[in-house]
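Rule-based calculations on the coordinates, nothing more; no lab input. All values derive from a computational prediction rather than experimental measurement. Note: ideal-geometry Cβ built from the backbone for every residue, glycine included; neighbour counts use all protein chains shown.
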Amino acid sequence: MFSAIIKKRALKDRLDEDALTSLVFDTFKYLPPKYLKKFLEQATNLDKEKLGDVVSIPEETSEFKFWESYFQEDLKSSLSAKDLETTGTEPDLIMIWSNLVIVEESKWISPKSSEDKLEEDESEEREKSKQNSQKLYDQLARELFISKYIAEREKINEYLLLYITNSLTFPKVEIEQTIDSAKRFIEDEKEIRRRIFWTNWRNAVVILQEIFNNKEETEIFKKMAKDLFEALEKLDIYFPFQGFGFLEKLDKDDFPSEKLLKAKKIFYSYTKFSGFDFLMKMPLPAEELLKSPFIFYSSYYWEFLKKIESVSSSLAEQEKIFYQGGKNG
């Protein structure tokens, strides 16, 4: 499958979420478990807590269950809600350790599949009705409760929901909607908030590069990581955007903006960058910055050049503006 993607013979028209889930987690399933642990630990919740700080993930191989179906009766059991009205749910992946259950839901472009529609009304009677509602259609809330159900069934202490998307920022609105739905069945909001985590597919790329650049790692594991890395690259999944914090450091007294111009070298991280707003915040004019002979940028696109009138294709040729892969320096 990796070769078919790399050679653009598969998934060339539309990225399939199920295929993406399989590509990433089937690879992690056979790699040393410490790498899956690293990938999961950096996920965050609405309170900006890292998953690895909330629960301990064993450095051992988990049980993987892909696309298992759970039904209304399973949710009724975990929520003690006899009259619960909902639909069945099929998480993309369930990972089970001796002390932890993680239910994972994958998305690429599409949002979560369904939400609870609660009517807006200020009256106390309507508010009470909303709290007592036995309808539960929010996809992520259902899957959170499935993780609770599995943990209770297997006598496991901890359960979490992991939401993985293509979003560059935390999907705050979606998660808040899920928390509101879940609060109708578990009153402790703090308990719900600590159990719902999010991460981006691009964060897996960082782990993969670490593996195949590790001289001490086994060759077969390095090859597996390299194959997935190149397949994700063909699917436009690159390094996560790291921000421009390094530019702030360059503006300090030990490296003022005047020296930045003289250095004539700027390195950006791997990403599909979409704007130059940061230039407006810098103490030097954007025109002077763009005159610097060497600007290193790692995206595969020249689209940003069209947004800046002062930069033409001839200028790009003369001034040697390069696109270069790699992390920011």
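Based only on Cα atoms, what Rg/Rh ratio does region 31-200 have, Rh being taken as Kirkwood's radius?
Numbers: Rg = 15.8 Å, Rh = 16.4 Å.
On the Cα set of region 31-200, Rg over Rh gives 0.96.
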For the pair D26/K135, report the inter-label distance in nm, with labels modelled 7 Å from Cα in the Cβ direction. 3.9
Have a look at region 17-112 and give its Rg and Dmax from the Cα atoms, expressed in angstrom. 15.0, 44
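Which pairs in the list K65/K148; K135/K183; K34/K223 are over 20 Å apart, alpha-carbon to alpha-carbon? Can you show the working numbers first?
Working: K65/K148 16 Å; K135/K183 12 Å; K34/K223 17 Å.
Distance filter (> 20 Å) returns an empty set.
Give the peptides 143-152, 67-76 in descending order of average Cβ contacts within 10 Å, highest first.
Details: 143-152: 23.2, 67-76: 15.2.
Going by the mean number of other Cβ atoms within 10 Å, highest first, we get 143-152, 67-76.
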Length gain on complete extension for the stretch N213 to F64, per 0.36 nm per residue less the alpha carbon to alpha carbon distance? 51.0 nm
Amide H within-cut-off set for L93, under 5 Å, with H built and near neighbours excluded: W67, E104
